[in-house]
Each structure stands twice: as C-alpha cells, then as structure tokens.
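Below is one structure, written out as structure tokens; comments come after it.
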Amino acid sequence: MRPARKPAAAVVIAAMAAGMVLGGCEYTYDDGRNLPGPVEAEGTRLPGPVFTRDPLQNDPVSEQDVGAWAARTLPDTGQPVASAGAGLVAAGNVRTESTPVLGTGTYALALACRSQRRVTFTVRSDSLTLVDLGLRCGINRENVIYLSSETALTIRVEARTGANYAYRLRLL
C-alpha cells in the first residue's frame, strides 16, 4: 500500500490565489447616486392601497336599500327585461318567486347576492331544473338558458345567514 500523498504545493498556492482573487470581488449597481447634475428630492408618497376584503361589504342591506343595491349590482344593459326581482332572505330561510309566463327563446339570467356566506339559487321550469348554483356573494353570475316552450320559472333562494339577492332575466 502506498502512503497518502500530501497535496502538491502548486495546488495549495492556486487555491489560495483563487480565494484572494474572489475575496476582492465586489458587486456594484447603479443606485442613482452618481447622476450628473442636481437631483430634486421627491415628495413622500403615500403607500398603495391594501387590497383586503372588507367583511362589512358583504353584510346584507336593509329592505329599504335593496332596490338601490340591486340597481348598482345588476346595472341596466338597455335590453328588455322579462323579469327581475330582489329581496332579503333571513338566516336559514327560503324565498321563492315566480316569473310571469315567458315565451320560447334564449334568455340571460343574471344572479347576485350579498351575504357573509354562499347563497343557493335554484331556477326551475315546470319540468326541468335550469340552474342550481351556490353563489359566492360579491360575484355576479350570468347564465344563458333556453326555453323550448312557454313557461313560468320558479326562482328559489336559500341562505344560511341573512342575505340579499337579486336576479334579472332578459331576452337575448
């Protein structure tokens, strides 16, 4: 067996030289301090807005304010409205509304709610469930539905906590 060799002096010197060379490296960048001419100080800026969810924006509005809330939430598009409604549902309750008899055709059904929790919308014709949706409040939803015969729709709204709801049905 051969005795272990000590590293050659050249390897030790090369490692030490590399360490000294790399130890002297410095990262530089332009931080704007070396600009020619005078630099004017900028005024203090306010911090940007913090995008947090305000839980009070999801609290239901009173019965008197439901109409104004519905108008803001589902603004008028200029198209004829076949049926619309808005209201307040108490915690754990169900509210059911019926539309007038609607003709055959394609309709856009816009749904909106205002509550701390999801609100369930179920829209049915005489024989068919057209929409069954648990809607996260604060987000409007628009569904396209087709009615193959004249029928009235039943709109059922259910909420675990107090909630506002709004819907608008317009002919496309």
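Summarising the amide proton neighbourhood of L130: residues at separation of 5 or more, or on other chains, whose placed amide H is nearer than 5 Å comprise V123, R124, S125. Rolling a 1.4 Å probe over the protein heavy atoms leaves T106 with an accessible area of roughly 50 Å². When nucleic acids and ligands are ignored and a 1.4 Å probe is applied, E150 ends up with an accessible area of around 130 Å². Relative to the compact-globule estimate of 2.2 N^0.38 Å, the Cα radius of gyration of the stretch 86-172 comes out at 1.05.
The values are calculated or read from the model by the stated rules, or taken from the named source; none is laboratory data. All values reported here derive from a predicted model rather than from experimental measurement. Please note that ligands, DNA and RNA were not included when accessible areas were found on the heavy atoms of the full protein model with its side chains. Shrake-Rupley method; radii C 1.70, N 1.55, O 1.52, S 1.80 Å.
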